[in-house]
Structure formats: C-alpha cells, structure tokens
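Everything below concerns the one structure shown next.
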Amino acid sequence: MKFLTTNFLKCSVKACDISNLNFPLEYDGSKCKLVQNEDIEFQPEFLLNILDRIDWPAILQVAADLGNTSLPSQKPELHTNMDELNEEELVILRDLHTLLLQTSITEGEMRCRNCGHVYYIKNSIPNLLLPPHLA
Amino acid sequence: MLPTPYIKCDYNKVYEPSEDSFLVLDSLEKDLVYLREKFKNRVTFVCELGPGSGIITTFMIQNEIPNRSNSLYFSVDINPWALDTTLTTAKLNGCSETNCYLECIQSDLTTSIRKRQVDILVFNPPYVPAVNVPEIPSSKENLDQWLDLALLGGKDGMVITQRVIDQLDDILSPTGVAYILFCARNKPEQIVSNIIETCDLWNIDLVKHRKAGWEVLSVYRFSRK
Ligand SMILES: C[S@@+](CC[C@H](N)C(=O)[O-])C[C@H]1O[C@@H](n2cnc3c(N)ncnc32)[C@H](O)[C@@H]1O
Ligand SMILES: [Zn+2]
C-alpha cells in the first residue's frame with residue numbers, strides 16, 4: 001500500500017474509537033519493506049490538493065516510524081494557485097510526491113497505539129480484519 | 001453508454017457481476033455530471049465497499065468518475081480473494097499503479113477507515129434475506145463460505161447494509177455522497193422513510209430501479225443536507 005494510505009487507516013477495534021491513539025497506526029520500521037516506484041508521474045496539482053486534506057502530524061509520525069525524520073514539523077503552506085508556485089515550493093511538492101505516492105509498503109506490520117493489536121501488510125495489501133473474538 | 005470493464009476471474013472465489021452490479025454502474029453513469037461538478041478541483045476519496053470482482057471500482061477509474069488524476073480509490077472487502085481480483089481486473093483494463101491511485105484493503109466495512117473521509121461511497125451489499133449473516137471463514141481456502149458472505153444479508157437482507165446506514169454520518173466527509181443498492185425484499189421505501197423521520201441529515205433519492213428476473217433492484221443516493 002502506498003505511504004499516503006497510512007493517513008486514512010485506523011485501528012478496527014470499536015473501543016479504540018474513543019481514544020485518539022487509534023490513528024495513525026504505528027508502523028514497525030524493522031519489519032516494513034519499502035518499495036519505490038519512480039514511474040509514477042509527478043502531478044503538482046494533485047500533490048497540492050492532497051496536501052490540503054492530509055493530517056500532517058500523522059504523516060510525520062509514520063515517516064518517523066519508517067526512519068524518515070527530514071520532514072518539516074509544520075505542514076508546508078504553499079500558494080494554492082498552481083501558477084504562483086515557485087521553485088522552492090515545487091521542490092517541496094516533489095519530495096512529498098516521492099514519499100506519499102512513490103513509496104509503498106509491500107510487506108510489513110503495524111499496531112494500534114491504544115490496544116496494541118497488530119495488523120499485517122502482505123503483497124501490498126493491508127489486512128485490517130479482526131479475529132472473531134475482537135470483532 | 002460508458003464502456004464496461006472487461007472481467008476475467010474465478011467466480012468460485014468472488015461474486016460474479018450480475019444485474020445488481022450493472023444497476024450500480026448505470027446509476028453512476030446517470031450521476032456522472034453531478035459527481036464531476038461536485039468534486040471538481042479537489043482530491044476525492046472514493047470508497048467502494050465489497051468490490052468483489054472489482055467491476056465497479058474499475059468502471060469508476062476507467063470512466064474518470066468523478067475524475068481520475070485527482071481521486072483516491074479505496075476498495076474494501078472482507079473476502080481476501082476480492083482484493084487480489086480487484087487489482088487484477090483494474091490492471092486488465094489498463095488501470096495500473098502508474099496511472100491511478102487504487103488501494104485494496106481487507107476489512108470489515110469501514111471499521112478501519114478514518115472517520116468522515118469518504119467523499120463517494122459505493123456499496124452493492126450482500127442483500128439476500130437469510131437467517132443469519134455467515135461467520136467469517138477461518139481459512140482463505142473455504143471458498144464457498146467467502147461466497148456466502150457476498151450474498152447473505154441476514155434478517156430482511158439488511159443487517160450489513162443497516163450497519164453502513166447507521167454509521168453513514170461517521171463515514172462520509174462533509175460533502176460526501178453514498179450510493180447503495182437494495183432489493184425489494186429489503187423494503188427500501190420503508191427504510192428510507194424511517195431515516196427521513198428519525199434523522200434530519202440526509203437527502204435520499206432513488207437514482208435507478210429495475211426489474212431483474214424475479215428481483216426488483218434499486219439504487220439510492222444519500223447526500224448530506
Ligand atoms: C453482492 S457482492 C458485490 C460485488 C461487486 N461489487 C459487484 O457489484 O459485482 C457483495 C460484496 O461485499 C463483500 N462483503 C460482504 N460483507 C462485507 C463486510 N462486512 N465488509 C466488507 N465487504 C463485505 C463480499 O465479499 C462481496 O464481495
Ligand atoms: Zn486499537
């Protein structure tokens with residue numbers, strides 16, 4: 001699954017919904033296999049729109065789980081109009097493109113920071129299904 | 001008429017596209033302009049519950065509903081085979097990692113999706129009335145049991161669909177819409193009037209209905225007021 005998808009997945013356990021620790025999940029950096037697909041084309045406008053709706057602290061947290069601590073601590077504030085984007089802003093968007101869209105976790109595991117339940121990613125497909133006794 | 005995906009998969013593992021699937025496609029086609037207008041110039045989070053073969057998600061990507069380069073498509077099924085198959089179907093129709101954002105997730109409905117993110121929800125549910133909703137098979141190899149989950153919807157065929165309707169306010173984004181299929185035995189008119197009476201959140205419209213053999217199928221659109 002793509003890195004960006006981590007921004008939309010939470011723990012499936014219902015009881016964790018009242019905690020604010022159920023999102024983002026905590027990714028195990030030592031067990032996650034990352035793959036980079038350079039063929040995914042850079043579309044600045046798409047990135048700009050994505051930036052608009054992502055939860056930045058969650059991006060930071062998962063990036064740190066996976067060993068990337070180079071992101072700015074605040075969500076970059078860029079011109080919202082494509083034509084006004086300057087060089088520097090394009091570099092930021094390009095970096096985000098590399099992280100959010102070109103990077104996939106093909107195998108790995110992640111756990112809920114509230115209940116500790118561990119979920120797996122196999123063949124790029126995350127499995128968030130709970131065993132019957134937790135569902 | 002919009003093109004329909006080419007499908008080649010093992011129907012011992014996933015639900016074979018049928019009249020219900022096609023009615024959903026027709027409903028999305030009918031609402032194409034509405035959806036493009038509503039979600040233009042922004043990222044759209046599209047979530048299909050129960051993609052099965054992947055026909056509906058692939059149709060949406062292929063026909064840019066609501067747009068291709070600005071949408072994130074999430075296909076969520078409980079059946080592990082459905083996820084592999086959805087990816088294969090998408091690829092077979094030219095939708096690949098390099099030209100669209102498609103994520104396949106194994107999950108029980110939207111329990112694993114962050115709240116209030118979904119802009120377009122599409123669900124052709126297990127709607128056949130049955131004594132119970134089947135239990136989740138203990139092994140990936142119990143093919144028949146996975147297929148039962150595609151069909152059987154418990155009392156009135158509404159148990160799974162009702163869970164989604166009850167959660168809809170938590171699932172949909174502030175501008176979200178949902179397309180949900182019903183059969184006549186689900187008593188959709190009664191369900192809709194019930195919702196309208198008890199909660200003031202939704203505009204609910206019949207998008208399409210059709211007689212299919214001995215079934216009468218309908219697709220309703222739920223949008224926030
Ligand atoms: C009627 S089939 C629809 C398949 C496909 N979308 C189509 O229209 O041809 C219902 C699908 O819902 C899935 N499903 C059933 N219960 C589910 C649940 N609790 N969570 C997620 N998916 C579920 C089944 O595995 C099946 O793929
Ligand atoms: Zn949890």
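Any read-out appearing in this document is the output of simple, stated calculations on the displayed coordinates, not a laboratory observation. This is a predicted model, so every value here is computed, not measured. Cβ coordinates were reconstructed from backbone atoms using ideal geometry, including for glycine residues, and neighbour counts include every protein chain displayed.
A few points about this structure:
- Per-residue 3J(HN,Hα) values for region B:135-150, derived from phi via the Karplus relation 6.51 cos²θ - 1.76 cosθ + 1.60 with θ = phi - 60°, read 6, 6, x, 7, 9, 5, 7, 7, 4, 4, 5, 5, 5, 4, 5, 6 Hz in sequence order (x marks Gly and Pro).
- Applying 1/(1 + (r/R0)^6) with r as the Cβ-Cβ distance of residue B:128 and residue B:224 and R0 = 22 angstrom yields a FRET efficiency of 0.15.
- Calculated on the alpha-carbon coordinates, the convex hull of region B:76-136 measures out at 125 cubic angstrom per residue.
- Applying 1/(1 + (r/R0)^6) with r as the Cβ-Cβ distance of residue A:39 and residue B:190 and R0 = 51 angstrom yields a FRET efficiency of 0.50.
- Highest GNM mean-square fluctuation among B:153, B:213, B:50, for chain B modelled with Cα contacts below 10 Å: B:213.
- Range in chain A, longest, excluding exposed GluC sites (Glu not before Pro) [loop by DSSP; at most 13 other beta-carbon atoms within 10 Å]: A:78-135
- Highest-MSF residue in chain B out of B:49, B:181, B:109 [GNM, Cα springs under 10 Å]: B:109
- Largest-first principal axis extents, alpha carbons of the protein assembly as shown, Å: 62, 45, 43
- Three-way shape label, chain B, alpha-carbon gyration tensor, a/c 1.5: rounded
- Rounded to whole Hz, the Karplus (6.51, -1.76, 1.60) HN-Hα couplings of region B:178-189, x for glycine and proline: 10, 10, 10, 8, 10, 10, 4, 5, 6, 6, x, 4
- Rounded, prolate or oblate (a/c below 1.5 giving rounded, otherwise prolate when a/b exceeds b/c) for region B:1-91 by Cα gyration tensor: prolate
- Cut-off 14 Å (backbone N to label point 7 Å along Cα→Cβ of residue B:19), residues of region B:200-225: B:209-219
- Projected label distance in nm at residue A:135 and residue B:142, using a 7 Å step from Cα toward the beta-carbon: 0.9
- The mean number of Cβ atoms from other chains found within 10 Å of a Cβ in peptide A:43-54 is 3, as a whole number.
- Size of charge dipole - region B:79-225 - debye, nearest 20, with Cβ of Lys, Arg +1 and Asp, Glu -1, no other charges: 400
- Global geometry of region B:94-214, whether rounded, prolate or oblate, following the gyration tensor of its Cα atoms and the 1.5 cut on a/c: oblate
- In region B:1-110, trypsin sites (Lys or Arg not before Pro) in a DSSP loop with at most 14 other beta-carbon atoms within 10 Å: B:8, B:40
- Near-label residues of region A:103-131 by backbone N, under 17 Å of a point 7 Å along Cα→Cβ of residue A:64: A:111-114
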